[in-house]
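Below is one structure, written out as structure tokens; the observations come after it.
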Amino acid sequence: METAKRNICESCGMPIRHLSQFGTHIDGSVNTEYCQYCYKHGAFTDPGITMEEKIKKNIAIARKMGISLEEAEIRAFSTIPRLKRWKKHMESVLNQAS
Ligand SMILES: [Zn+2]
């Protein structure tokens, strides 16, 4: 059910509290999977970014928000690999390896 879904961005893990924070489809309608910083008008704002780069980016953002490096690293490494955008990426890496 839509209402039972946890509202976090499936790309960066940011909690989404308002409809205006969601990303948008190409027709301008709301995309409830991603935040407005990651996904706009039907496309990722950072196409081609690797999971490792996204983790680094998130740590940098958290550091700016006053979070300690250790805490920021724990959060990024425990959250991002589980998100939908990166799970697919991880599966394709694993499939290529086998
Ligand atoms: Zn996001």
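Numbers at a glance
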item	result
Residue match in the stretch 74-85 (condition: part of a loop (DSSP other than H, G, I, E, B) and away from the ligand (no atom under 15 Å from the Cβ))	no
Check on residue 28, away from the ligand (no atom under 15 Å from the Cβ), at positive phi and modelled with pLDDT of 95 or more	yes
Inter-residue pairs, beta-carbon under 8 Å, first under 12 Å from residue 86 (Cβ atoms) and touching a residue at least 12 places away in the same chain (Cβ under 8 Å) and in the stretch 33-54, second of a type in the set (Val, Ile, Thr) and assigned to a helix (DSSP H, G or I), 6+ apart	51/80; 54/80
Residue tally, condition within 13 Å of the ligand (Cβ to nearest atom) and either loosely packed, with under 14 Cβ neighbours inside 10 Å or closer than 21 Å to residue 92 by Cβ (or both), over the stretch 33-42	4
Any hit, the stretch 29-49, residues being part of a helix (DSSP H, G or I) and more than 11 Å from the chain's Cα centre (by Cα)	no
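The values are calculated or read from the model by the stated rules, or taken from the named source; none is laboratory data. The shown structure was predicted, so the numbers you read here are calculated from the model rather than taken from an experiment. Note: ideal-geometry Cβ built from the backbone for every residue, glycine included; neighbour counts use all protein chains shown.
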